1. For region 381-403, name all the residues that are touching a residue at least 60 places away in the same chain (Cβ under 8 Å) and aliphatic (A, V, I, L, M).
2. Need the failing condition index for E62 against (1) over 19 Å from V169 (Cα atoms); (2) under 23 Å from the mean Cα position of the chain (by Cα); (3) surrounded by fewer than 16 Cβ atoms within 10 Å (Cβ to Cβ); (4) not hydrophobic (A, V, I, L, M, F, W, C), just the number.
3. Kindly indicate whether any position in region 108-129 is in contact with a helix residue (DSSP H, G or I) (Cβ under 8 Å, 6 or more places away or on another chain), buried (at least 22 other Cβ atoms within 10 Å of the Cβ), more than 19 Å from Y10 (Cα to Cα) and not hydrophobic (A, V, I, L, M, F, W, C).
4. Looking only at region 371-424, which residues are assigned to a loop (DSSP other than H, G, I, E, B), modelled with pLDDT of 95 or more and among the charged types (D, E, K, R)?
5. Mind checking whether some residue in region 33-44 is farther than 30 Å from Y185 by Cα and within 20 Å of the chain's Cα centre (by Cα)?
6. In this structure, is N37 without any contact (Cβ under 8 Å) to a residue 60 or more places away in the chain and closer than 14 Å to C136 by Cα?
7. Which of the residues belonging to region 142-178 are at pLDDT 90 or above, farther than 18 Å from C85 by Cα and aromatic (F, W, Y)?
8. Which one is surrounded by the most Cβ atoms within 10 Å (Cβ to Cβ) among residues in region 33-57 that are assigned to a loop (DSSP other than H, G, I, E, B) and of a type in the set (A, V, I, L, M)?
Amino acid sequence: MGYIYASSGYADDVQEAVDMAIVGDYVVLPEGIWVWNGELVTIPDGGVNLIGASLAGCMGHEDGWAHYTPTTILRNNVQAQMINCGRETHGNGQLNPVRISGIQLEGFPPANVAEEQSGVNALYLRQIPNFRIDYCTFVNWGSAPVHITCNDGVYGANVSSYGVIDHNVITNPYKLTPPPDGNWYWGYGIGMSGTARLSDPDIMDEWDEQAQNWFGYYGFKKGGIVVYIEDNHINLPRHHISSLDFAFYTARYNLLDEPACGYQAAAIDVHGPAYPSGRGCVAYNNKIVGAVNNQKPWGGTYYSAAVGLRGGSSLIYNNEFICNLYNQYNYFLLLSKGDYVEGLEYQQIDQTYVWNNSYTGCTHITKPPEIIQDVHYFLRAPNQAQDGFTYTPYPYPHPLTVEGIHSLSVHSNPSNIPFTIRRI
């Protein structure tokens with residue numbers, strides 16, 4: 001493992017430093033505001049880490065998610081992706097771990113809905129194992145600034161993406177002003193998608209009908225995504241966290257506040273089988289704060305929802321939801337079959353458990369009659385006697401967040417020599 005100190009934070013200098021690195025190296029970016037002109041830094045096989053000069057993002061939940069002041073700021077002056085990790089096409093199996101830390105990535109804020117729908121991510125990770133995205137700040141991204149996938153266009157490839165997203169700040173202040181052409185729609189927080197496709201004949205085997213094999217699990221899932229999202233502050237998005245295509249995530253100890261979308265878009269979301277479905281989620285000990293009067297209402301009514309499930313299997317417990325604008329359309333839990341696709345019943349909501357959540361200013365649950373309590377979902381914790389399994393959470397904090405390098409301050413380059421290389 002070594003450290004390569006880039007001469008600047010401009011895209012060409014960052015790419016040059018990345019190209020000099022070998023697997024396991026850290027590319028350290030200097031302090032400053034570095035303006036990009038739509039360039040893209042690529043780490044094609046993973047294995048190279050990008051580190052800012054100091055901590056960005058936020059502290060943990062025990063410190064009230066207090067924000068750090070970023071010193072390495074990469075600012076795009078056009079709407080374009082900034083960092084891409086992983087292969088675009090089918091390769092030979094899994095790539096190498098990546099860490100992105102201590103950087104503020106600023107997008108070019110959309111001026112209207114059409115620009116917001118352009119689907120630009122700040123950071124895109126594909127087929128990366130044991131990734132970590134931590135202590136970063138993402139500002140004004142019209143799509144999901146952080147997107148994780150393992151889809152390489154070849155179903156059945158022996159690929160997966162799994163890792164941790166922790167202590168980041170994601171915020172979309174451009175949404176404080178409604179667009180001239182209607183309501184803001186997009187601008188997610190964190191998005192993820194695996195490899196599942198509706199035409200895959202054996203996806204049911206890969207799906208694995210036993211939800212307990214996903215609850216509390218971390219590691220490789222062929223064709224799937226496993227992401228742990230903890231101690232982040234996500235502000236002013238559509239969905240704060242969203243998944244589809246065989247992705248599964250655990251969200252814990254996050255502050256998810258002030259959604260800025262003109263209709264019901266739950267903070268914690270799992271898409272249904274029309275996309276196809278996300279595999280589900282585990283969400284616990286999150287603080288979720290509903291909409292404030294900062295956005296045009298949908299049909300004259302403000303909506304807020306904490307959790308929205310449209311497919312897969314989930315555990316939802318010990319979360320707090322504070323709804324600021326009470327009306328009959330605000331819910332702690334939305335269960336939906338609106339993404340129904342005939343023949344994909346196994347991707348619908350099933351083996352879902354909800355318990356011990358607190359909520360104010362809203363209705364507990366809304367659902368269609370086809371989703372049946374004590375058949376598809378349960379208002380209790382799973383237990384051996386009734387369900388054939390018990391649930392044990394994966395260790396918190398995630399081991400990746402306490403192993404290896406603990407402080408970014410040690411990576412400063414006192415000599416300020418471009419491309420200084422120091423190997424350990």
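1. Of everything in region 381-403, those that are touching a residue at least 60 places away in the same chain (Cβ under 8 Å) and aliphatic (A, V, I, L, M) turn out to be A381, L400.
2. Here E62 meets the rest and fails (1).
3. yes
4. Scanning region 371-424 gives D374, R380.
5. yes
6. no
7. Y174
8. Out of the qualifying residues, it is A56.
The values are calculated or read from the model by the stated rules, or taken from the named source; none is laboratory data. In this text, all values refer to a predicted model and were calculated from it rather than measured experimentally. Quick reminder, even Gly has a Cβ in these numbers, built from the backbone with ideal geometry, and neighbours come from all protein chains shown.
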